[in-house]
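Values quoted throughout were computed directly from the atomic coordinates according to the rules given, and no laboratory measurement underlies them. All figures in this text were calculated on a predicted structure; none of them were measured in a lab. Ideal geometry is used to build each Cβ from the backbone, glycine not excepted, and the neighbour counts take in all protein chains shown.
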Amino acid sequence: MEAVIQHWLLWASEAAKSDGGILLFVTMLPAFTLLELPFNLLVLLGVLRWFVRKPFELPQGNIHHPRVSCIITCYSEGRDVQSTLLTLCEQTYQGEIEMIPVLDGAALNQPTLQAVRDFRVDPRLYPRRLLRPIAKWQRGGRVSSLNAGLAHCTGEIVMALDGDTSFDNDMVANIVRHFADPDVPAVAGSLRVRNRRASLVAALQAMEYLLSIHMAKIGLSEWNLVNNISGAFGAFRRSFLDKLGGWDTHSAEDLDITLRIKNYFGRRALRIPFEPYAIGHTDAPVTLWQFLKQRLRWDGDLFFLYIRKHRHSFNPRLLGWPNFLMTLFNGFFFQLVLPFIIVGYLLVGLFVLQWPVFLALAGLIYLVYLAVTLLLYLAMLTMVSERPRQDLRLLPLVFVFPLFMLMMRCWSAVSMLNEALRRGHEETSMAPWWVLKRGRRF
């Protein structure tokens, strides 16, 4: 490797002396890898701050226990929805929990409908747990289900949950304590991949959820910069949801409502905390094709929201300067621009650079990302993880994870082109086409 690097340095110096300026430019372009270092440093500093502060926090008082309404969106979960309902019944939270499974397209979704009908809440075992299912006979999509649940729920705190997600038994108690602060309109919960042993693809997603979601949100939360409230697991103050008018049509309703909440940050000192000890467990796509289809929708939705629907939100008067800069750099540049830079470099490098030089550069980029991944993983394992023995089994994936992230970056560029050229968000399985057609076109 050392000989290859020396060859690359010699070749670069010769290119600088000749008229091959484009060769030198392409050779030095991997400096884009350094652009992500400030973001990772911000996350690490936030995690360190959280880790140092955590032992000195006083326990929260248990005086106020508002009713919590859990809107559980169901479509094709089958018997899995019973696991979700059971974990909500078994919560240690002392207040009332209102469980509202909303069955979308119940006429055709008979297995899930029957699973909800068969579930019984024993009032002797669970005296403060209420089950109030809603059957929507015609399919209207996830947003339709959330708004139907919102119209019928009675709790001060509203949770938006997926029907195939189970939870640790202290989840509600850990989430609700943040709402004692009147300046908290919403709280983001944490997700883990429970089927990580199903395949290599699922295991790599388990690593991604730990590093790119769980740990990143801990660090960002310390600076009040949480970028998204997960659609599978988020909590909201009911009065603030009413002010927003509930969820809006189109896909990516989680990022959409997060941006709509942040539009108030410039007018009032609000904050969206992330609660790392409110843990939900969900199933990730098992096959590579399932994963690519999911990310085609997720990454395409980023383009739709940032470029089409919420371009007006890129305003410090609405977001406040910290979240404006975070949305601009992390939301716009890293999510929308950087994938095209990486793909462009790979394509140009393949045709312009000599193979030894290209391989040396690829090796250097891999080592940079490997070092960052290893640092984040060790920090997660020692300071963040509540299941360190379980997470230690993911250690061998550290060496594969940079390649997985490269593949994700390249696929992200494909996803955004699909949205830009074909309006891919209108082909989402999250809502029928006639629902999206009636929504406002951006």
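Going by alpha carbons, how many degrees (0 to 90, nearest 10) lie between the helix axis of 142-152 and the longest principal axis of the chain?
30
Would you list ASP183, ASP299, ASP170 from fewest to most Cβ contacts within 10 Å?
ASP183, ASP170, ASP299
Roughly what would the spin-label model give for ARG260 and VAL352, points 7 Å off Cα along C-beta, in nm?
4.4
Give me the percent relative contact order of the chain, please, defined on Cα pairs under 8 angstrom at least 6 residues apart.
After rounding, I find 20 percent.
Would you calculate the separation in nanometres between label points at ASP118 and TRP289, each defined as 7 Å from the Cα along the Cα-to-beta-carbon direction?
So the two model labels end up 3.0 nm from each other.
Give me the number: length gained by fully extending ARG268 to VAL414, i.e. 0.36 nm times residue separation minus the C-alpha to C-alpha distance, one decimal in nm.
Taking ARG268 through VAL414 to full extension adds about 48.8 nm, to one decimal.
What shape does the range 295-341 have by the C-alpha gyration tensor, where a ≥ b ≥ c are the square roots of the eigenvalues, rounded means a/c under 1.5, and otherwise prolate means a/b greater than b/c and oblate the rest?
Because a/c hits 1.5 or more and a/b fails to exceed b/c, the range 295-341 counts as oblate.
Once you keep just the Cα pairs under 8 angstrom separated by 6 or more residues, what percentage relative contact order results for the range 27-158? Walk me through the numbers on the way to the answer.
Working: 178 pairs, mean separation 38.3, N = 132.
The value is 29 percent.
Under 19 Å Cα to Cα from LYS262, which aspartates and glutamates show up? Leave out anything in the same chain fewer than 8 places away.
Partners within reach: ASP181, ASP183, GLU222, ASP242, ASP248, GLU253, ASP254, GLU275, ASP301.
Can you tell me the orientation of helix 355-379 relative to the chain, as the angle in degrees between its alpha-carbon axis and the longest Cα principal axis, to the nearest 10?
Taking Cα atoms only, the helix is inclined about 40 degrees.
Which residues does a label at ILE63 reach in the range 187-215, if reach means a backbone N under 16 Å from a point 7 Å past the Cα toward the Cβ?
Once the point is set 7 Å along Cα→Cβ of ILE63, nothing inside the range 187-215 turns out to lie under 16 Å by backbone N.
Pull out the extension gain between SER76 and ASP183, defined as 0.36 nm times the separation in residues minus the alpha carbon to alpha carbon distance; nm, one decimal.
Taking SER76 through ASP183 to full extension adds about 34.9 nm, to one decimal.
Arrange the following residues from fewest to most other Cβ atoms within 10 Å of their Cβ: ASP104, ASP254.
Values: ASP104 26, ASP254 20.
Fewest to most other Cβ atoms nearby, the residues stand as ASP254, ASP104.
Any idea what angle helix 401-422 forms with the longest principal axis of the chain, computed on alpha-carbon atoms, 0 to 90 degrees, nearest 10?
With both axes taken from Cα atoms, the answer is about 80 degrees.
For PHE351, PHE236, what's the fewest-to-most ordering of other Cβ within 10 Å of each Cβ?
PHE351, PHE236
Give, in nm to one decimal, the length gained when the segment between LEU375 and LEU392 is fully stretched (0.36 nm per residue of separation minus the Cα-Cα distance).
My answer for the length gained is 4.7 nm.
Quick one: 3J(HN,Hα) in Hz for the range 35-44, Karplus 6.51/-1.76/1.60 with θ = phi - 60°, rounded, Gly and Pro as x.
Here the 3J(HN,Hα) series is 5, 7, 5, x, 5, 5, 5, 4, 5, 4 Hz.
Taking the range 167-264, which trypsin sites (Lys or Arg not before Pro) meet the DSSP loop condition and have no more than 12 other C-beta atoms within 10 Å?
Those that pass, being in a loop and sparsely packed, are ARG197.
Label points 7 Å out from Cα along the Cβ direction at TRP298 and PHE332: separation in nm?
With each label placed 7 Å out from Cα toward Cβ, I get 2.4 nm.
How much net charge surrounds GLY155 when only the other residues with a Cβ under 14 Å from the Cβ of GLY155 are counted, with Lys and Arg +1 and Asp and Glu -1?
Within the 14 Å Cβ shell, the charges total +2.
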